[in-house]
Amino acid sequence: MGNEFREKFADFISDFSDHRNMVLSTSFDDRVTSRMMSVIQLDGCFYFQADITSRKAEQILHNKNVSLCIDNIQIDGICESIGKPLNHKKFCALFS
């Protein structure tokens, strides 16, 4: 990553605070879906919750490549499950 990207990402994170609504896009089997999600930012990583039985969770299970979008900023990344939200005190504190 170049220095310019690192600087812009650091600016974005500092402006983000800890809790925002963002569009999360996922895909599987040539079908893309996007949904507004409540997203937590903690230590430069983004967290959200999805019901394990939802289409969104199923898509992520099969294709971990996701995109978050807010305003005119798109962030592509790899998504992984960290388990149930209630098992993560920092997440719960920021999400409430």
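The values are calculated or read from the model by the stated rules, or taken from the named source; none is laboratory data. All values derive from a computational prediction rather than experimental measurement. Positions of Cβ are backbone-derived with ideal geometry, glycine not excepted, and every protein chain shown enters the neighbour counts.
Worth pointing out:
- Identity of the residue in the range 1-27, hydrophobic (A, V, I, L, M, F, W, C) and surrounded by fewer than 16 Cβ atoms within 10 Å (Cβ to Cβ), that ends up nearest to the chain's Cα centre (by Cα): 23
- Flag for residue 25 being at negative phi, among the polar types (S, T, N, Q) and assigned to a helix (DSSP H, G or I): no
- Cβ-Cβ contacts under 9 Å between residues 6 or more apart (or on different chains), taken from a first residue in the range 26-37 that is farther than 15 Å from residue 74 by Cα and of a type in the set (Val, Ile, Thr) to a second residue that is at pLDDT below 95 and exposed (fewer than 11 other Cβ atoms within 10 Å of the Cβ), are absent.
Each row is one residue, and each column tells you yes or no for (1) modelled with pLDDT under 95; (2) in contact with a helix residue (DSSP H, G or I) (Cβ under 7 Å, 6 or more places away or on another chain); (3) over 18 Å from residue 95 (Cα atoms).
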| site | (1), (2), (3) |
| --- | --- |
| 1 | yes, no, yes |
| 50 | yes, yes, no |
| 64 | no, no, yes |
| 69 | yes, no, yes |
| 73 | yes, yes, yes |
| 76 | yes, no, yes |
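- Residue that is modelled with the lowest pLDDT [pool: residues in the range 24-48 that are among the β-branched types (Val, Ile, Thr) and out of contact with any Lys or Arg (no Cβ under 7 Å at 6 or more places or on another chain)]: 40
- In the range 55-82, the residues that are in contact with a strand residue (DSSP E or B) (Cβ under 9 Å, 6 or more places away or on another chain) and hydroxyl-bearing (Ser, Thr, Tyr): 67
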